[in-house]
Amino acid sequence: MTGIKGKVIALTGASSGIGEVTATYLAGRGARLVLGARREDRLNAVVDRITAQGGSAVGVVVDVAHREDLKRLTDTGVDRFGRLDVLVSNAGTMAVSPFDELRQDDWDAMVATHITGLLNGIGAALPIFRRQRSGQFVNVASTAAYVVTSPLAVYAATKTAVKVLTEGLRQESGPDLRVTLVSPGFTDTEGVGKGGSPEAAAALLQQRAEIAMPPSAVASAIGYAIEQPDGVDISEIVVRPTVQA
Ligand code: NDP
């Protein structure tokens, strides 16, 4: 199926930032959406806004660290809309800090959200895609998957894992599946500077103010990968502000 219209797309991290804007972008182009995140009120607000604008969306409260939650998300696509065409694994957390602060809960959250969460999505969607003989994974990494800057090492390591897992999945995907990595640079979202050490957060917030691009830049990159014809795989997109080194 070429294009976005009619596709059933599950998307994690839909309650704010890149996920919220991507959901709105895809809904505006006729996708049928299954949106996941933990904050029910924020998620419902996104679903309500899309529905009020004539779009099609359902919300499922999920923590991507939990395997059964991802299964509920992807199964909702099949139960409500009869199939699942795309899983966008976008949920993420950027709670960064220097190692000496030993913010091990933040390290655990990044591993659980970016690595375990991605694997839970693959585990949930792959059997559906194989059964259908079609499907697409779109995994959101970061420019931090390409270069390590202090104090972002744990974040960068988990995003590097997203990149590696995506490439391995692509190599095993065969002719019926498409696998796309989208790596944004600095993007103007509430996730920048949220959590982690106050000093690191302040530095990120300053950078956000100086160089961030709008989340719509990432949404249209994701849309571009999705709208290609079945046999065409956009394997990797890096999208960053021109002023980002
Ligand atoms: P936001 O904080 O605005 O969005 C993050 C989203 O992920 C929220 O919807 C949040 O929802 C969800 N989320 C976080 N943890 C979990 C979890 N365990 N289970 C389910 N949902 C979860 O930040 P961004 O939009 O900036 O981030 C989106 C993605 O883009 C992330 O993967 C991030 O790493 C990546 N990215 C962002 C960049 C930037 O500069 N902004 C640059 C490069 C990559 P809730 O809290 O409701 O669960």
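Numbers for the structure displayed
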{"item": "Helix 40-52 vs. the chain, principal-axis angle (Cα, 0 to 90°, nearest 10)", "result": "50"}
{"item": "Gyration tensor verdict on the chain (Cα atoms; rounded if a/c is under 1.5, prolate if a/b is larger than b/c, oblate otherwise)", "result": "prolate"}
{"item": "GNM flexibility winner over the chain from I18, I115, I234 (Cα, springs under 10 Å)", "result": "I234"}
{"item": "Using a Förster distance of 35 Å, the FRET efficiency for H66-S150 (Cβ separation, nearest 0.05)", "result": "0.65"}
{"item": "Net charge contributed by nearby residues that have their C-beta within less than 10 Å of A141 (K/R +1, D/E -1)", "result": "+1"}
{"item": "Within the accessible area of segment 26-102 (1.4 Å probe), percent carbon and sulfur", "result": "46"}
{"item": "Within straight-line cross-link reach of K163, aspartates and glutamates at Cα separation under 16 Å, skipping those fewer than 8 residues along the same chain", "result": "E172, D233, E236"}
{"item": "Helix axis angle, 198-211 relative to the chain longest principal axis, alpha carbon, degrees", "result": "60"}
{"item": "Angle in degrees between helix 153-172 and the longest Cα principal axis of the chain, rounded to the nearest 10", "result": "30"}
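The values are calculated or read from the model by the stated rules, or taken from the named source; none is laboratory data. No experiment lies behind these values; they were computed from the predicted model shown. So basically every Cβ, Gly included, is an ideal-geometry build from the backbone, and we count neighbours across all protein chains shown. Just so you know, the surface numbers come from the protein's heavy atoms only, side chains and all, with ligands and any DNA or RNA stripped out. Shrake-Rupley method; radii C 1.70, N 1.55, O 1.52, S 1.80 Å.
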